[in-house]
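A.B. asks: Quick one: this structure, given as structure tokens, is what I'll be asking you about.
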Amino acid sequence: MPMLEIAGLSVNYGGIQALVDFNLHINEGEVVTLIGSNGAGKTTTLRAISRVIRTKSGTIQFNGKDITRSEASSVVSAGIAQSPEGRQVLARQSVYDNLEMGAYIRNDRKGILEDIELQFNRFPRLRERKAQMAGTLSGGEQQMLAIARALMSRPKLLLLDEPSLGLAPLIVREIFGIIAQLHAQGVTILLVEQNAKIALQHADRAYVLEAGRVVLEGDAKELANNERVKQAYLG
Amino acid sequence: MDITVFVQNFLNGLSIGTVYAIFALGYTIVFSILGIINFSHGAIFTLGAYFTYFLIGGLNNGSGILANAGLPFGLPFVLAILVGSLMAGFCGVLIERLAFKPLRTRGADPLLALVSSLGVALVIVNLVQYLIGAEILSFPSNVFGEFVNQNPSINFNFVDPSRPIPIRTVQIIIFAVSLVILVLLAYLINRTKFGKALRAVAENPITASLLGVSVDRYIFLTFLLSGFLGGLAGTLVGTSFSISGPYFGVTYGLKGLAVIVLGGLGDIPGAVLGGLVIGLAEAFVPGDFSAYKEAVAFALLFIILLVRPQGLLGRRLIQKV
């Protein structure tokens, strides 16, 4: 049974169809990427899974449990964390407090402190800046913080929305190094990216979205060699 | 100005200023979470004072349909003020559920919430007038205990031993209580998980819910806290002077608005600073002009906003396109 299974999902967003009869599944331990151009419905998919937008029809099942009508907060408790598009760090709180907020659903004080330490080891830059307001970090640091914060809830499934957006190539490589590490540690990831090349390099499987519909899906390496994908997304 | 008069005015200003701060914080936390000004906050102030008055066993000497009515019991004042303020808090929650939430879920313009809260304020004022009456209700002079009753003012002679400065004992108690509340509130908002989550919701509700924070629950708690602070401020002012009738909170409601605009909308330290500035400014209005005391808050607001449109501590609003 897949960890996450989306069946026949349709979402309307401000009068337009953002997702149409969308199907996707993710198995435990997989890194699955969702690629496509701006406005194809990638972010909408993640928002629908995290239950911060309303869906029109279809179902979302997580570990066999229907979460289509769940509260956003209980989706996090169920084990799905998201690092949203544009990082969305809490600008007026410190790096440390952002991490603590990532563990909002947890109450094991000791485990939380250990996990903060774990994130600092994973992203040493964050340790240097732990007392700094998150709004004063660079884009790359904010992205690291957003990922670290999402990991603080000890998610079973991690949703990453455009982690490369607006970052210098060197930083993008650093971020994807961490994603590869997480993959090796067995974290299940749904990765949304506009940078199809790097996303396909790091994923097991991929879905290509166009205007709210899945037009291609399959093994990430194979899709990277697909003529249509090459032409449209790998330029 | 004579130094003793100066010190006296200063202490009085601090005392009323901290009450303004508590009241204004109720406005501010709601504004910071929902981006709306809750015009019924002044009515909550009134309700808090009435609740506490009746909870200590006070009788209604008004001419409303509940004339001469009272509760069959009387709580000790400390308990009554806590329960009364909490009841005011739940009135705040009720107002949120009836006047704000239906508009919010339909995606209405925040301006409409302002109008609906103004409507709620009018309903409360008229309900109080109908049930209780328009008369002034006064707390008994021994409400703070026999010591305060026997010593209505305390002389301070630290400035000039030959000319002691009398300060009303009630004023000192109110200052102490307000200060404790402000410290507790600062701790709650800056140090606790509740406060951090509250600030997260204020900054970005969608991000907060992505972290597992139930935004709806925090809106509930915000109105509870806001109403509690409003009711508490109302009771403190009521014990210091008296409850001047159903319109008791109206002037304070407007003044509270001046306080938060002065401090910077939605800014928590700004609300405290704004409260102190307005409290002190009023205290220094010369006796000859005391009839114009109420105008001071607004004159000050006008002048400061000319120079700093974002308020004393407010951030400049950047309109995103």
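None of the figures in this text is laboratory data; all of them are computed from the coordinates on show. What you see is a predicted model; the values in this text were computed from it and never measured. Here the Cβ is made from the backbone with ideal geometry for all residues, glycine too, and neighbour counts use every protein chain on show.
A.B. asks: Which residue, of B:Phe284, B:Phe302, is without any contact (Cβ under 8 Å) to a residue 12 or more places away in the chain and more than 14 Å from chain A (Cβ to nearest Cβ)? Please lay out each step first, then the result.
C.D. replies: Working: B:Phe284 fails: without any contact (Cβ under 8 Å) to a residue 12 or more places away in the chain.
Checking each option against the conditions leaves just B:Phe302.
A.B. asks: Let me ask something else about it. Among B:Thr192, B:Thr235, which is without any contact (Cβ under 8 Å) to a residue 40 or more places away in the chain, on the phi < 0 side of the Ramachandran plot and either of a type outside the set (D, E, K, R) or more than 14 Å from chain A (Cβ to nearest Cβ) (or both)? Steps first, answer last, please.
C.D. replies: Working: B:Thr235 fails: without any contact (Cβ under 8 Å) to a residue 40 or more places away in the chain.
Every option except B:Thr192 fails the conditions.
A.B. asks: Sticking with this structure for a sec: What's the total number of residues in the range A:85-98 that are crowded, with 24+ Cβ neighbours inside 10 Å and either more than 7 Å from every other protein chain (Cβ to nearest Cβ) or closer than 21 Å to A:Thr55 by Cβ (or both)?
C.D. replies: Going through the range A:85-98, the residues crowded, with 24+ Cβ neighbours inside 10 Å turn out to be A:87, A:89-90, A:95, A:98.
In the following step, the residues that additionally are either more than 7 Å from every other protein chain (Cβ to nearest Cβ) or closer than 21 Å to A:Thr55 by Cβ (or both) were identified as A:87, A:89, A:95, A:98.
So the answer is 4.
Table: residues versus (1) surrounded by 19 or more Cβ atoms within 10 Å (Cβ to Cβ); (2) assigned to a loop (DSSP other than H, G, I, E, B); (3) in contact (Cβ under 8 Å) with a residue 40 or more places away in the chain; (4) among the charged types (D, E, K, R).
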site	(1), (2), (3), (4)
B:Ala200	yes, no, no, no
B:Phe220	no, no, yes, no
B:Val259	yes, no, yes, no
B:Pro269	no, no, yes, no
B:Ile278	yes, no, yes, no
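A.B. asks: Considering only residues that are surrounded by 17 or more Cβ atoms within 10 Å (Cβ to Cβ), in contact (Cβ under 8 Å) with a residue 24 or more places away in the chain and either at positive phi or in contact with a Leu (Cβ under 6 Å, 6 or more places away or on another chain) (or both), which ones fall in the range B:57-91?
C.D. replies: Across the range B:57-91, the qualifying residues are B:Asn60, B:Gly64, B:Ala80, B:Gly84, B:Ser85, B:Ala88, B:Gly89, B:Cys91.
A.B. asks: Another question, if that's okay. What tally of residues in the range B:255-292 results from selecting those that are touching an Asp or Glu at 6+ places or on another chain (Cβ under 9 Å) and closer than 20 Å to B:Ala49 by Cβ?
C.D. replies: Residues meeting the conditions: 2.
A.B. asks: Is there a residue being closer than 30 Å to B:Arg315 by Cβ and without any contact (Cβ under 8 Å) to a residue 24 or more places away in the chain anywhere in the range A:72-88?
C.D. replies: There is at least one residue in the range A:72-88 that is closer than 30 Å to B:Arg315 by Cβ and without any contact (Cβ under 8 Å) to a residue 24 or more places away in the chain.
A.B. asks: Okay, next question. Any chance the range A:161-176 includes a residue that's within 13 Å of chain B (Cβ to nearest Cβ) and within 21 Å of A:Ser50 (Cα to Cα)? Step through it out loud before you land on a result.
C.D. replies: Just the residues of the range A:161-176 that are within 13 Å of chain B (Cβ to nearest Cβ), to begin with: A:161.
In the following step, the residues that additionally are within 21 Å of A:Ser50 (Cα to Cα) were identified as A:161.
Checked the range A:161-176: at least one residue is within 13 Å of chain B (Cβ to nearest Cβ) and within 21 Å of A:Ser50 (Cα to Cα).
A.B. asks: For the range B:92-113, which residues satisfy the criterion of being within 20 Å of the chain's Cα centre (by Cα) and either of a type in the set (Val, Ile, Thr) or surrounded by fewer than 15 Cβ atoms within 10 Å (Cβ to Cβ) (or both)?
C.D. replies: Listed by number, the residues that qualify are B:Val93, B:Leu94, B:Ile95.
Results for (1) without any contact (Cβ under 8 Å) to a residue 40 or more places away in the chain; (2) touching a strand residue (DSSP E or B) at 6+ places or on another chain (Cβ under 6 Å), shown as yes or no for each residue.
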site	(1), (2)
A:Arg51	yes, no
A:Thr55	no, yes
A:Thr59	no, yes
A:Lys65	yes, no
A:Thr68	yes, yes
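A.B. asks: Taking the stated definitions as given, is B:Ile165 touching a residue at least 40 places away in the same chain (Cβ under 8 Å) and surrounded by 13 or more Cβ atoms within 10 Å (Cβ to Cβ)? Steps first, please.
C.D. replies: Numbers: touching a residue at least 40 places away in the same chain (Cβ under 8 Å): yes; surrounded by 13 or more Cβ atoms within 10 Å (Cβ to Cβ): yes.
When the stated conditions are applied, B:Ile165 passes them.
A.B. asks: Take the residues in the range B:202-214 that are surrounded by fewer than 21 Cβ atoms within 10 Å (Cβ to Cβ) and in contact with a helix residue (DSSP H, G or I) (Cβ under 8 Å, 6 or more places away or on another chain), then tell me which one is nearest to the other protein chains (Cβ to nearest Cβ). Give the derivation first.
C.D. replies: Step one: list which residues in the range B:202-214 are surrounded by fewer than 21 Cβ atoms within 10 Å (Cβ to Cβ), which gives B:203-206, B:214.
Pick out the ones that are also in contact with a helix residue (DSSP H, G or I) (Cβ under 8 Å, 6 or more places away or on another chain) and you get B:205, B:214.
Working: B:Pro205: 9, B:Ser214: 4 Å.
My answer is B:Ser214.
A.B. asks: If you take the residues in the range A:43-84 that are of a type in the set (Ser, Thr, Tyr), part of a helix (DSSP H, G or I) and more than 11 Å from chain B (Cβ to nearest Cβ), which one is surrounded by the most Cβ atoms within 10 Å (Cβ to Cβ)? Give the steps one after another, and end with the answer.
C.D. replies: Filtering the range A:43-84 down to residues of a type in the set (Ser, Thr, Tyr) leaves A:43-45, A:50, A:55, A:57, A:59, A:68, A:70, A:73-74, A:77, A:83.
Keeping just the survivors that are part of a helix (DSSP H, G or I) gives A:43-45, A:73-74, A:77.
Next, only the ones that are more than 11 Å from chain B (Cβ to nearest Cβ) stay: A:43-45.
Working: A:Thr43: 20, A:Thr44: 23, A:Thr45: 28.
Looking at residues that are of a type in the set (Ser, Thr, Tyr), part of a helix (DSSP H, G or I) and more than 11 Å from chain B (Cβ to nearest Cβ), I get A:Thr45.
A.B. asks: Would you be able to say whether some residue in the range A:7-20 is part of a helix (DSSP H, G or I), more than 24 Å from A:Ile179 (Cα to Cα), within 14 Å of chain B (Cβ to nearest Cβ) and touching a Gly at 6+ places or on another chain (Cβ under 9 Å)?
C.D. replies: First, the residues of the range A:7-20 that are part of a helix (DSSP H, G or I): none.
No, the range A:7-20 contains no residue that is part of a helix (DSSP H, G or I), more than 24 Å from A:Ile179 (Cα to Cα), within 14 Å of chain B (Cβ to nearest Cβ) and touching a Gly at 6+ places or on another chain (Cβ under 9 Å).
A.B. asks: Here's another thing I want to ask about it. Find the helices (runs of 4 or more DSSP H) located wholly in the range A:117-198 whose residues include 1 or more that are touching a residue at least 60 places away in the same chain (Cβ under 8 Å), farther than 25 Å from A:Ala40 by Cβ and charged (D, E, K, R), and list them. Give the steps one after another, and end with the answer.
C.D. replies: Numbers: elements: A:124-128, A:139-151, A:169-184.
Filter on the range A:117-198 gives A:139-151.
A.B. asks: Going through the range A:207-223 one residue at a time, which ones are over 17 Å from A:Val192 (Cβ atoms) and either touching a Lys or Arg at 6+ places or on another chain (Cβ under 9 Å) or aromatic (Phe, Trp, Tyr) (or both)? Give the derivation first.
C.D. replies: Narrowing the range A:207-223 to residues over 17 Å from A:Val192 (Cβ atoms): A:218-219, A:221-222.
Result: A:Gly218, A:Asp219.
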